[in-house]
Structure formats: structure tokens, C-alpha cells
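Shown next, in C-alpha cells, is the structure this report addresses.
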Amino acid sequence: FRKTGGQISISDVEEFSTLVRKMAEIDAVVARIGDKSVSSYVEEIIEKKRGVVLLARGGYMSKAVDVANQLRDRGYTMFTSDELGFGNPEIGTWHFIRPKGLREKFSFMRIWLKRITPVPSNEKWSL
């Protein structure tokens, strides 16, 4: 779609297929970053106890980075490019065709994170 000026192409189908397969393979949920607070996203993701793909576009991309950084402080890490087979984070442009042929472009970002440790608890150990 990106390469064909708005027409769906084989590469678009392949990209979508790769995305769906990879998400099933790594057991991840998608979190679409929007108007909620960073802490709301962080808490919701931690409660699910799974990997996550942060999906943001436009002005929400910086919030996705903030969410990712807080998750990294709470037992998550980014998947490597070798694990995914593509770059992480993914940054690009989506092209949309609106009614009457109006074309719009939106920047997007996907950040792939995996849970590496149990979620830290508030319990303190003492001897």
C-alpha cells in the first residue's frame, strides 16, 4: 500500500501476514496508544502478563516511547530484530484514501516488547 500510492499490493498482504503470524508466535497483545495516561497503559499491560505490541500514530508516538520505557523498568524488554525478522521499533507511514479520493498520510510506530521477569510486587523480603 505504501509503495503503490494507495493500491493494495502483494507486499501489503505479505506484511500483514507476517505481523499476524509473529504476534501469534510470541503471544502478544496489541495496545493502541491514544488519550489515556501513560500509567494507565502500563498497568493494563502488566495485568495481562503477556508480550505487547505498542501501536501509535502521529502525536501519540512519543507517548508510546514513554510507555515502553516504563515497561522496560517493570520487567519488559524489546524484542531484537533477529527475533522478529524486522526492525524494532517499526516506524513508517500509512497511506489512506478517504471518500472522494482524498489521500492522507499518518506516521506510525510499533514497539514490540516481551516480558522477561515476573512483575515486581510491593512485598519486601526480610530475614
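The values are calculated or read from the model by the stated rules, or taken from the named source; none is laboratory data. Just so it is clear, the structure is predicted and the values come from calculations on it, not from any experiment. With ideal geometry, Cβ positions are generated from the backbone for all residues, glycine too; neighbour counts draw on all protein chains shown. Surface areas here come from the heavy atoms of the whole protein model, side chains and all, with no ligands, DNA or RNA. Shrake-Rupley method; radii C 1.70, N 1.55, O 1.52, S 1.80 Å.
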- Query: Which of the peptides 63-72, 87-96 is most tightly packed, and how do the rest follow, going by the mean number of other Cβ atoms within 10 Å of each residue?
  - Reply: 63-72, 87-96
- How high is the FRET efficiency from Lys36 to Thr80, r the C-beta distance, R0 22 Å, rounded to 0.05? 0.20
- Task: Could you let me know the centre-to-centre spacing of region 87-102 and region 31-82, using Cα atoms, in angstrom?
- Result: 21 Å
- Once phi for every residue in region 47-64 is put through the Karplus expression 6.51 cos²θ - 1.76 cosθ + 1.60 (θ = phi - 60°), the whole-Hz ³J(HN,Hα) values, with Gly and Pro written as x, are 4, 6, 6, 9, x, 8, 10, 7, 10, 9, 9, x, x, 7, 4, 5, 5, 4
- Per residue, how much accessible area does region 40-113 show when a 1.4 Å probe rolls over the protein heavy atoms, in square angstrom? 55 Å²
- Item | Percent carbon-and-sulfur accessible area, region 27-88, ignoring ligands, DNA and RNA, probe 1.4 Å | 44 percent
